[in-house]
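Take a look at the structure set out below.
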Amino acid sequence: MRTQVGIIGAGPAGLMLSHLLHLQGIDSIIIENRSREEIEGTIRAGLLEQCTVDLMKSTGVAQRMMREGHFHEGIELRFKGKGHRINIHDLTGKKVTVYAQHEVIKDLVQARLDADGTIIFSVHDTSLHDLETTQPTIRFKWEETGEQEEIICDYIAGCDGFHGPSRPAIPETVRKEYQKKYPFGWLGILAEAPPSSPELIYANHERGFALVSTRSPEIQRLYLQVDQNDKIENWSDERIWEELQLRIASHDGFKLIEGPVIQKNIVSMRSFVCDPMQYERLFLAGDAAHIVPPTGAKGLNLAMADVQVLAHALGEFYRERNRGFLQNYSDTCLRRVWKAERFSSYMTTMLHRHDEHTPFDQQIQLAELDYVTSSRASSTSLAENYAGLPVECPKDWIKKLETPLLKN
Ligand code: PHB
C-alpha cells in the first residue's frame, strides 16, 4: 500500500490528524490494533477545552457534540467542607465542554468513513521501518489472514498511545524521557443517576481526592483517589458511594444522588514526556509522546493540539514544499505540553492526599487552595490553564484549507 501519511492509532490524535489532512487534500491511512467496537466503547475522560471544541466545529465534526455536550462556565473546588467556584468564563471568556472521549472517537470515525477514508482495524504486529529514508514504512499483519502488509509512506504519525510501537522506534540515544509516577490511582465509575451538581466538583479531603463529573442527564461520572495497588474487587458499590459521600460532603448538607453503578475501573496516574517528539520522518502525537494525570483534564486536549500543529506543518510541506514547520514540530508542541504537564502536576499535588505529607505540608496545601480560590490573580491563572492555553498555529489556517494543493 502507498500513502502520504501513515497513521498508527485510531484514537483522537490519529483520527483528527487524518481528518485534518483530508481537508487539505492529503492522503492518509490509519491502522489500529483494536476493533472499531473497542475504540468506540472504551470509557475514558471527557472534558474538552475551548480550542478542541473550536477545532471540531471549524472542521465540521461538532454537530452531535453541540447537541449532546454540556457547556460549563465554571468548576468548583471543595475543601474543608466548603465549595468555592472558579468562574472560568468570567476570568477567561472561555468555556469547557463535557463530552466523552469515545463520543469524539465515534464522530471522527464516522467523518473519516463518510469521506471514504481508510481505517484498518484489528491489525497485529505493527512495526516501523526505514524512518531515515524518503520512504518510511509501516508493517502489520491483517487480522483475518495473518498476512503481512506494508504501507510505504512519505511520513509516519505515531498516534498509538503510551504502549504503542512508535516511540520505541526512535533510537534511545536520540530521545530523553521524563517521568513521574504517583503512588495513587483513580477509581472511576459510571452511575445511573441524575446530576448532583451543575458543574464539576474537585474535592480535597483528608481521606483523599474525589471528583464529580457528568456524562448526560441520566449518567454521572465520578472518581475517587485510591492506592495505586488497590484492586477494583475491594470496592463494592456500597463502599464506593459511602466514600464518595464522605469526601464530597459539605457543611451545607450537600448529598450526592446515588444510583446503580454500571461501570467501574481503576487507572494509574503518571506524568511523562518524550523529547523530541519527532525523529526523521516519524512524528509522535498524543499519549505516544506524553501522559498527564487526569486532574487537569488535559490528555485528549493535548493530543488534539499536537495534531493541529502537525496537520498544519504537513500542509505547509505539501502546499509550499516548506519543511520549516515540520522541523519545528517537536519544539512547538513541547512548549505547550510542558505547560500542561506543569498544570496537571500542580492540580494533582494540590488536590490529592499525599501519605508522605507532614502536618506542615497539609497546611501549605490548604493555603494553596485558599489562595487560588480567593485571589483573582491566582484563580485567573488556574482558569486560563484549565480552559486551555493557545495552540501555536497560525490563526485561521483551517479557514484557508481551500487553497489549491501542490500534488506530489
Ligand atoms: C471526566 O469527566 O471524565 C473528567 C473530567 C475532568 C477531569 C478528569 C475527568 O479532570
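Output the number of residues of region 69-111 satisfying the condition of being outside any strand (DSSP E or B) and within 16 Å of the ligand (Cβ to nearest atom).
13
For residues that are in contact with a Phe, Trp or Tyr (Cβ under 7 Å, 6 or more places away or on another chain) and either of a type in the set (D, E, K, R) or within 16 Å of the ligand (Cβ to nearest atom) (or both), tally how many sit in region 276-289.
2
If you scan region 139-175, which residues turn out to be surrounded by 17 or more Cβ atoms within 10 Å (Cβ to Cβ), under 16 Å from HIS124 (Cβ atoms) and either among the aromatic types (Phe, Trp, Tyr) or at pLDDT below 95 (or both)?
Residue satisfying the conditions is PHE140 alone.
What do you reckon, is VAL273 surrounded by fewer than 19 Cβ atoms within 10 Å (Cβ to Cβ), closer than 30 Å to HIS290 by Cα and of a type in the set (A, V, I, L, M, F, W, C)?
no
Given the residues ARG112, ARG67, ARG44, ARG78, which is the only one that is modelled with pLDDT of 95 or more, of a type outside the set (Phe, Trp, Tyr) and surrounded by fewer than 20 Cβ atoms within 10 Å (Cβ to Cβ)?
ARG67
Looking at ALA303, ALA340, which is the one that is away from the ligand (no atom under 14 Å from the Cβ) and crowded, with 21+ Cβ neighbours inside 10 Å?
It is ALA303.
Can we say LEU15 is within 16 Å of the ligand (Cβ to nearest atom) and modelled with pLDDT of 95 or more?
Considered against the rule, which asks whether it is within 16 Å of the ligand (Cβ to nearest atom) and modelled with pLDDT of 95 or more, LEU15 comes out as no.
Any residue in region 211-235 that is in a strand (DSSP E or B) and at pLDDT 95 or above sitting within a Cβ distance under 6 Å of a residue that is among the basic types (Lys, Arg) and within 15 Å of the ligand (Cβ to nearest atom)? List the pairs, counting only those 6 or more apart or interchain.
Taking only residues 6 or more apart or on different chains, the pairs are SER213/ARG221; ARG221/ARG215.
Check ILE138 against each of (1) away from the ligand (no atom under 12 Å from the Cβ); (2) in contact with a Ser or Thr (Cβ under 9 Å, 6 or more places away or on another chain); (3) without any contact (Cβ under 8 Å) to a residue 60 or more places away in the chain and name the one condition it does not meet.
The single condition ILE138 does not satisfy is (3).
Just need a number here: residues in region 275-298 that are in contact with a Leu (Cβ under 8 Å, 6 or more places away or on another chain) and farther than 30 Å from LEU224 by Cβ.
Residues that pass the stated criteria total 10.
The values are calculated or read from the model by the stated rules, or taken from the named source; none is laboratory data. Computed from a predicted structure; not experimentally measured. Here Cβ is always computed from backbone atoms with ideal geometry, including for glycine, and neighbour counts include all displayed protein chains.
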